[in-house]
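The values are calculated or read from the model by the stated rules, or taken from the named source; none is laboratory data. Since the model is a prediction, treat every value here as computed from it, not as a measurement. Here Cβ is always computed from backbone atoms with ideal geometry, including for glycine, and neighbour counts include all displayed protein chains. Ligands, DNA and RNA are stripped out before the accessible areas are found, and what is left, the full protein with its side chains, is counted by its heavy atoms. Shrake-Rupley method; radii C 1.70, N 1.55, O 1.52, S 1.80 Å.
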Amino acid sequence: MITTELDRAAAGHGLRYAPDPASAALSTIGGNIATNAGGLRCAKYGVTRDSVLGLEAVLSDGTVVRTGRRTVKGVTGYDLTALLTGSEGTLAVITSATLRLRPVPVATATLAAYFASFEAAAEASYALTRAGVEPALAELVDGPVLGAVDPALRERGAALLLVQCDSAGAAIEAEAVSRLLAPLATTVETTADPVEAEALLAARRLALPALERLGRPLIEDIAVPRSRLAEAAREIRAVSARHDVPVFTSPSRTRRTGTSTRSSSWTRRCPASPARPGRQRVRSSRWPCGWAAR
């Protein structure tokens with residue numbers, strides 16, 4: 001089943017599937033579980049593993065196993081559901097899943113803030129953490145990614161921070177977020193309209209397809225503390241310049257691990273960045289900035 005199809009079916013009952021991968025229109029539930037996919041709303045609701053209650057799976061010898069529990073509380077025994085989620089088929093083939101659905105929020109408010117630099121946007125994102133704000137979504141897109149999605153977006157700023165609040169007091173929370181972002185941002189837009197919100201989020205959802213049009217991307221995920229996101233961005237830029245490889249970054253604020261930064265680079269010549277005469281394009285197999293790959 002495609003992720004958006006599940007979400008659409010749940011909506012008919014006033015519910016929704018909280019994980020929201022950028023590729024929701026294409027990704028399957030089975031694929032999400034196999035890879036423990038994240039999503040735009042992981043800032044508040046966690047990743048796929050947090051929404052899987054039970055599994056049916058087939059082991060390598062053909063044995064069918066069922067994991068999970070039928071009670072609200074479960075504190076004993078091994079958590080085999082969590083173990084299988086994200087195992088990418090190495091432990092078993094998942095054939096069925098019981099998923100957690102949540103009530104559709106009574107209200108949402110989405111903000112799009114543009115910044116003159118990626119570092120300013122990173123500092124603004126950390127300001128939300130310091131203020132104790134827990135948005136449902138917090139995604140940061142850098143200038144090169146914006147340019148790949150739509151050059152008109154790149155003209156609006158060097159980075160875009162998308163924030164969505166979905167509590168009962170979403171409008172009040174959005175006002176607080178806007179006040180925090182305004183001193184650092186060049187512009188801040190807010191909408192409570194779901195259609196307008198989805199249009200704003202398109203810049204993040206279209207990031208990977210836009211980059212794939214430029215060449216074959218190599219995608220790496222690293223995890224850094226939110227307080228050091230700006231520092232990480234500067235180091236990634238230095239790596240890009242040092243090896244003459246275009247690098248595009250799109251950090252996502254996660255609930256437990258801080259900030260996960262997805263960086264895409266190329267191992268072959270890319271139309272957007274022609275190789276310089278006499279130089280060979282190379283890629284470092286390790287990030288020299290001291291943060292562990294996720």
For the range 65-82, check the following and say yes or no: at least one residue is part of a helix (DSSP H, G or I), of a type in the set (Ser, Thr, Tyr) and at pLDDT 95 or above. yes
Taking the criterion of being surrounded by 15 or more Cβ atoms within 10 Å (Cβ to Cβ) and over 25 Å from Glu175 (Cβ atoms), would at least one residue in the range 104-116 satisfy it? no
Quickly run through the range 190-227 and pick out the residues that are part of a helix (DSSP H, G or I), touching a residue at least 24 places away in the same chain (Cβ under 8 Å) and open to solvent by 60 Å² or more (accessible area, probe 1.4 Å). Pro194, Glu196, Leu208, Ser227
Got a sec? Which of Ala232, Ala199, Ala171 is more than 27 Å from Thr3 (Cα to Cα) and modelled with pLDDT under 90? Ala232
Tell me, which residue of the range 1-58 that is β-branched (Val, Ile, Thr) and surrounded by fewer than 19 Cβ atoms within 10 Å (Cβ to Cβ) is farthest from the chain's Cα centre (by Cα)? Val58
Looking at Ala171, Ala202, Ala230, Ala182, which one is among the aliphatic types (A, V, I, L, M) and in contact with an Asp or Glu (Cβ under 8 Å, 6 or more places away or on another chain)? Ala230
Considering only residues that are touching a residue at least 40 places away in the same chain (Cβ under 8 Å) and open to solvent by 60 Å² or more (accessible area, probe 1.4 Å), which ones fall in the range 59-100? Glu88, Thr98, Arg100
Go through the range 228-248 and give me each residue that's part of a loop (DSSP other than H, G, I, E, B) and touching a Lys or Arg at 6+ places or on another chain (Cβ under 8 Å). Asp244, Val245
Looking at the range 84-95, is at least one residue among the hydroxyl-bearing types (Ser, Thr, Tyr) and either in contact with a Leu (Cβ under 7 Å, 6 or more places away or on another chain) or within 30 Å of Val149 (Cα to Cα) (or both)? no
Only residues that are in a helix (DSSP H, G or I), under 26 Å from Arg234 (Cα atoms) and open to solvent by less than 70 Å² (accessible area, probe 1.4 Å): list them for the range 150-189, please. Ala152, Leu153, Val177, Ser178, Leu180, Leu181
Does Ala113 count as assigned to a loop (DSSP other than H, G, I, E, B), at pLDDT 95 or above and touching a Gly at 6+ places or on another chain (Cβ under 9 Å)? no
